Amino acid sequence: TVEWMFRLQQRGVIGHQKDLLELGPQDLLAEGGSLRRVVELYRPEEQPQAFMDRILDKGCYHSSSQRVLYALFGIEDYYSTDNGDPRADWIADLNFPIRGIGRKFSLITNFGTAEHIFNVAQVFATIDDLLADNGVVLHIVPSMGHPDHGFWNIHPTVFFDVARQNDYVIEDYSYLDGIT
């Protein structure tokens, strides 16, 4: 995911956004050495050890590691929403429209949250409601398999149809098959 985001940044798809809403605060799940190598490759000026020191506490990722990671992409204002994660800035059930945020975001990530929401159509409606003009949404969701993971496998046609209905532009798309 991090390497993909760096490639998107190199292509100008992301990197100019200053604020982000993450659907469900995501845990950084990366072996420290691989994350360090990605930082060395894409951001050698970042001083990889200093970066690792900011996200690790005694070898474990600390709860604010998302903010540090997204700062590599120019994100100054990180926010998240979730129904039960105490790290979330807004506690909200994504089965229903979110009220009270009062703003829109230039970057929204759905890195494995939508498939856990029973009313998945509302998740896409919420993303559309909270996305700023010319904003970017990044999705990583299962589309097949994983029979005990969430409620849904979100098939590729969903993204193409949602894009067409909302006049979105699909800047990048990857479909990975056979991952267990």
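Key figures
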{"quantity": "Lone qualifier among Asp167, Asp172, Asp161 - being more than 14 Å from the chain's Cα centre (by Cα) and touching a residue at least 24 places away in the same chain (Cβ under 8 Å)", "calculated": "Asp172"}
{"quantity": "Matching option when the condition is more than 30 Å from His155 (Cα to Cα), open to solvent by 40 Å² or more (accessible area, probe 1.4 Å) and among the charged types (D, E, K, R), among Arg99, Arg43, Arg103, Arg87", "calculated": "Arg43"}
{"quantity": "Options Gln66, Gln26; residue that is open to solvent by less than 40 Å² (accessible area, probe 1.4 Å) and of a type outside the set (D, E, K, R)", "calculated": "Gln66"}
{"quantity": "Selected residue (criterion: surrounded by the most Cβ atoms within 10 Å (Cβ to Cβ)) from residues of segment 142-155 that are touching a Ser or Thr at 6+ places or on another chain (Cβ under 8 Å) and within 19 Å of Asn119 (Cα to Cα)", "calculated": "Ile154"}
{"quantity": "Where Ile75 falls short, out of the listed (1) more than 19 Å from His139 (Cβ to Cβ); (2) part of a loop (DSSP other than H, G, I, E, B); (3) open to solvent by less than 40 Å² (accessible area, probe 1.4 Å)", "calculated": "(1)"}
{"quantity": "Boolean, Val158 is over 28 Å from Arg67 (Cα atoms), modelled with pLDDT under 95 and open to solvent by less than 60 Å² (accessible area, probe 1.4 Å)", "calculated": "yes"}
{"quantity": "Residues within segment 102-152 that are assigned to a loop (DSSP other than H, G, I, E, B), in contact (Cβ under 8 Å) with a residue 40 or more places away in the chain and of a type in the set (A, V, I, L, M, F, W, C), tallied", "calculated": "0"}
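The values are calculated or read from the model by the stated rules, or taken from the named source; none is laboratory data. Everything numeric in this text was worked out from a predicted model, so none of it was measured. Because the Cβ atoms are built from the backbone with ideal geometry, glycine has one as well, and the counts that use them run over all protein chains shown. For accessibility, only protein heavy atoms count, side chains too; no ligands or nucleic acids. Shrake-Rupley method; radii C 1.70, N 1.55, O 1.52, S 1.80 Å.
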